[in-house]
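Trainee: Input: one structure, supplied below.
The values are calculated or read from the model by the stated rules, or taken from the named source; none is laboratory data. Since the model is a prediction, treat every value here as computed from it, not as a measurement. Positions of Cβ are backbone-derived with ideal geometry, glycine not excepted, and every protein chain shown enters the neighbour counts.
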Amino acid sequence: MIDKIHHVGIAVRDLDKSLEFYRDVLGLHVHAIDTVEDQGVRAALLTIGESEIELLEPTHAEANMAKFIERKGEGLHHICFNTPDVDGELEVLKQKGVELVDQKSRVGLAGMICFLHPKASRGVLVELATPMDVYRG
């Protein structure tokens, strides 16, 4: 069951410069910063109420995020919904025939995550996440 928006992902060319706005100007608290090697991004999660903003900087020119920024520029990349059971949610979506990017959950900055293909959601990249402190897999 999806219970809230976990975060909104924003593609950025320079994470440190972007933090100057989101952290220093808007005053958002940085919850986590890490490099996610398998996704080719350096990412930061900033808390805003019960949700977060995720800033995503490509770590190399061949990374999908670098290609996204090259095609579309900086800006909105994806929306992530929180679920207490990402694996169960993924199975339900498979049974419904939803087109997926990930066939099984994997570790991401937001916890255990998976992505749905944008074709499934009318052009919006959707991520599902279960924070690690909740994940039971």
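Trainee: I need a count of the residues in the range 34-52 that are outside any strand (DSSP E or B), of a type in the set (Asp, Glu) and within 15 Å of Val107 (Cβ to Cβ).
Mentor: Applying the first criterion (outside any strand (DSSP E or B)) to the range 34-52 yields 37-40, 49-50.
If we keep only those that are of a type in the set (Asp, Glu) too, we end up with 37-38, 50.
Now drop any that are not within 15 Å of Val107 (Cβ to Cβ), which leaves 37-38.
Final tally of qualifying residues: 2.
Trainee: Let me ask you something else. What residue, among those in the range 1-33 that are in a strand (DSSP E or B) and out of contact with any Cys (no Cβ under 8 Å at 6 or more places or on another chain), is surrounded by the most Cβ atoms within 10 Å (Cβ to Cβ)?
Mentor: Applying the first criterion (in a strand (DSSP E or B)) to the range 1-33 yields 4-11, 29-33.
Cutting the leftovers down to out of contact with any Cys (no Cβ under 8 Å at 6 or more places or on another chain) gives us 4, 10-11, 29-33.
Working: Lys4: 10, Ile10: 19, Ala11: 22, His29: 10, Val30: 13, His31: 16, Ala32: 13, Ile33: 15.
Restricting to residues being in a strand (DSSP E or B) and out of contact with any Cys (no Cβ under 8 Å at 6 or more places or on another chain), the top hit is Ala11.
Trainee: It is to be established whether one or more residues within the range 119-135 are under 21 Å from Ile33 (Cβ atoms), in a helix (DSSP H, G or I) and of a type outside the set (D, E, K, R).
Mentor: Checked the range 119-135: no residue is under 21 Å from Ile33 (Cβ atoms), in a helix (DSSP H, G or I) and of a type outside the set (D, E, K, R).
Trainee: Suppose the filter is within 18 Å of Ala11 (Cα to Cα), surrounded by 14 or more Cβ atoms within 10 Å (Cβ to Cβ) and modelled with pLDDT of 95 or more; does Leu100 pass it?
Mentor: On the way: within 18 Å of Ala11 (Cα to Cα): no; surrounded by 14 or more Cβ atoms within 10 Å (Cβ to Cβ): yes; modelled with pLDDT of 95 or more: yes.
In short, no.
Trainee: Among the numbered criteria (1) touching an Asp or Glu at 6+ places or on another chain (Cβ under 9 Å); (2) touching a residue at least 40 places away in the same chain (Cβ under 8 Å), which single criterion is violated by Gly40?
Mentor: The one condition Gly40 does not meet is (2).
Trainee: Can Ile113 be described as part of a helix (DSSP H, G or I) and surrounded by 15 or more Cβ atoms within 10 Å (Cβ to Cβ)?
Mentor: Values: part of a helix (DSSP H, G or I): no; surrounded by 15 or more Cβ atoms within 10 Å (Cβ to Cβ): yes.
When the stated conditions are applied, Ile113 does not pass them.
Trainee: Quick test of your reading of the structure: Leu55 fulfils all but one of (1) crowded, with 21+ Cβ neighbours inside 10 Å; (2) of a type in the set (A, V, I, L, M); (3) in a loop (DSSP other than H, G, I, E, B). Name the failing condition by number.
Mentor: With (1) crowded, with 21+ Cβ neighbours inside 10 Å; (2) of a type in the set (A, V, I, L, M); (3) in a loop (DSSP other than H, G, I, E, B) applied to Leu55, the lone miss is (3).
Trainee: If you don't mind, another one. Any residue at all in the range 72-86 that is aromatic (Phe, Trp, Tyr), in a strand (DSSP E or B) and touching a residue at least 40 places away in the same chain (Cβ under 8 Å)?
Mentor: From the range 72-86, those aromatic (Phe, Trp, Tyr) are 81; that's our starting set.
Cutting the leftovers down to in a strand (DSSP E or B) gives us 81.
Cutting the leftovers down to touching a residue at least 40 places away in the same chain (Cβ under 8 Å) gives us 81.
Yes.
Trainee: Further, regarding this structure: Examine the range 71-91 for a residue that is over 30 Å from Arg13 (Cβ atoms) and exposed (fewer than 13 other Cβ atoms within 10 Å of the Cβ), and state whether such a residue exists.
Mentor: Taking the range 71-91 first, the residues over 30 Å from Arg13 (Cβ atoms) are 83-85, 87-91.
Keeping just the survivors that are exposed (fewer than 13 other Cβ atoms within 10 Å of the Cβ) gives 91.
Yes; the residues of the range 71-91 include at least one that is over 30 Å from Arg13 (Cβ atoms) and exposed (fewer than 13 other Cβ atoms within 10 Å of the Cβ).
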